[in-house]
Amino acid sequence: MSQQIITPHILRRVIQCFFLFFCLFIGFRLFQHFMWATGQSSVFVAKPPSVEAFLPISALMAAKQFILRHKWDMVHPAGLTLFFAFIWMSLLFRKSFCGYICPVGFASNLVEQLGRKFGLQKELPVKVERILAAPKYILLAGFAYFILIKMSARQIESFLTLPYNYVADSKMLAFFISPSATTLIILASITVSSLFIRNFWCRFLCPYGALLGLCSTFSPTAIKRNPEACISCGKCRKICPSAIHVDERELVHSPDCIGCTECVGVCPVPDCLTTSFFNKKTPVAIIAVGCICVLLLFYGIAVFTGHWYSDAPPHIIQKFHMMIFNK
Ligand code: SF4
Ligand code: SF4
Ligand code: SF4
């Protein structure tokens, strides 16, 4: 096993913690914005643009509008920027958004660890895994069909300029602030399932993860195993959050691989598991560093070129909030 001070596991957890706290911070700012916009506070707080990352359906429509009409959505411009950033991250550095940035993925990892601690985690037969993986692709196909095929450019433009879309982030906030009984039951069921089956939501149900996974199949980054050096200890397979049979493959290029490099960190044989980029061995941190660089690059370009902050005036945002939340 490598004797590095910063192991792949520590590096990943540091990045995940950073993004978790960042999401909590922007969530709090969104709450303050919501209070102002709905007239419950007189203190104006601007909406943090990064919360638009949580509006992937609106972003998918905006992406179609951009491709068809070369028009950048200025209702949620940061959402579209981040959508493209996450797609490029996956195209270059596997599903690293899931492995390092997404707070839901991090929460799922923590539940998985709890399950491991109490010896609850079970490995599913490959056939069962394949059947369980179908729903996320079916959901993705449904969204793709309605948004990319059925909706015309005019319908997309109408949706994007609806008052509902302007306040979609506040709607999402309200959904989580006062969840219905059904929401709580679903969340509890997913959490309990994740105690027994690692990353249940991410591996079997999340359509966004499915999209990023499909993009990641084009990625030049992969995990390589040297079968001659391998001692078949099975540690890589046991640690893998996506339950990939790393110990049976020479190259891990699965759409489920989140590029977490936990397998590389846990392998007891030096240079038996490595990361590669265009088939060339690379430092193990390439995926972590690569995905952060892509994120910063897209953020910087969007801010510099005026594609990050919405052009909706505050009084319009407040008017739409009053219309929708204070009926
Ligand atoms: S699969 Fe979905 S919820 Fe899970 S980490 Fe990826 S984007 Fe987040
Ligand atoms: S194969 Fe390795 S890098 Fe990929 S998800 Fe599993 S542990 Fe992470
Ligand atoms: S952890 Fe390393 S040595 Fe053990 S099975 Fe995996 S690749 Fe082989």
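The values are calculated or read from the model by the stated rules, or taken from the named source; none is laboratory data. Please read these numbers as outputs of a predicted model, since none were measured by experiment. As a convention, Cβ positions derive from the backbone with ideal geometry for all residues, glycine included, and neighbour counts pool all protein chains shown. Ligands, DNA and RNA are stripped out before the accessible areas are found, and what is left, the full protein with its side chains, is counted by its heavy atoms. Shrake-Rupley method; radii C 1.70, N 1.55, O 1.52, S 1.80 Å.
For segment 253-269: of the residues being assigned to a loop (DSSP other than H, G, I, E, B) and within 16 Å of ligand 1 (Cβ to nearest atom), which is surrounded by the most Cβ atoms within 10 Å (Cβ to Cβ)? Going through the qualifying residues, I end up with Ile258. Consider only pairs whose beta carbons are under 7 Å apart and that are at least six residues apart or on different chains; among these, list those whose first residue lies in segment 180-206 and is among the small types (Gly, Ala, Ser) and whose second residue is modelled with pLDDT of 95 or more and open to solvent by 80 Å² or more (accessible area, probe 1.4 Å). Once the first residue is among the small types (Gly, Ala, Ser) and sits in segment 180-206, its partners that are modelled with pLDDT of 95 or more and open to solvent by 80 Å² or more (accessible area, probe 1.4 Å) give Ser194/Trp201.
The residue list Lys117, Lys136, Lys71, Lys127 contains one member that is of a type outside the set (A, V, I, L, M, F, W, C), touching a helix residue (DSSP H, G or I) at 6+ places or on another chain (Cβ under 6 Å) and more than 16 Å from ligand 1 (Cβ to nearest atom), which is Lys71. Answer yes or no: is there a residue in segment 223-236 that is open to solvent by 10 Å² or more (accessible area, probe 1.4 Å) and assigned to a helix (DSSP H, G or I). Yes; the residues of segment 223-236 include at least one that is open to solvent by 10 Å² or more (accessible area, probe 1.4 Å) and assigned to a helix (DSSP H, G or I).
May I ask you to list the residues in segment 182-206 that are of a type in the set (S, T, N, Q) and surrounded by fewer than 22 Cβ atoms within 10 Å (Cβ to Cβ)? Can you show your working first?
Pass one, segment 182-206, residues of a type in the set (S, T, N, Q): 182-183, 189, 191, 193-194, 199.
Thr182, Thr183, Ser189, Thr191, Ser193 - these are the residues of segment 182-206 that are of a type in the set (S, T, N, Q) and surrounded by fewer than 22 Cβ atoms within 10 Å (Cβ to Cβ).
Contact map, segment 1-28: residues that are at pLDDT 95 or above paired with residues that are among the β-branched types (Val, Ile, Thr), Cβ distance under 8 Å, separation 6+ or inter-chain. Pairs shown: Arg12/Thr261; Ile15/Ile101; Ile15/Ile292; Gln16/Ile101; Phe19/Ile101; Ile26/Val51; Gly27/Val51.
Condition check: open to solvent by 10 Å² or more (accessible area, probe 1.4 Å), touching a Cys at 6+ places or on another chain (Cβ under 7 Å) and in a helix (DSSP H, G or I). Does Leu82 satisfy that? No; evaluated as a whole, the condition is false for this residue. Kindly indicate whether Val264 is of a type in the set (A, V, I, L, M, F, W, C), within 26 Å of the chain's Cα centre (by Cα) and at pLDDT 95 or above. So Val264 passes the test.
Looking at Ile147, Ile138, just one residue is loosely packed, with under 13 Cβ neighbours inside 10 Å and assigned to a helix (DSSP H, G or I), and that residue is Ile138. Taking segment 309-327 as the range and being touching a helix residue (DSSP H, G or I) at 6+ places or on another chain (Cβ under 7 Å) and either assigned to a loop (DSSP other than H, G, I, E, B) or among the acidic types (Asp, Glu) (or both) as the test, the residues that pass are Tyr309, Ser310, Ala312. The sole residue among Ser170, Ser152, Ser178 that is of a type in the set (Gly, Ala, Ser), over 22 Å from the mean Cα position of the chain (by Cα) and over 28 Å from Leu214 (Cβ atoms) is Ser178.
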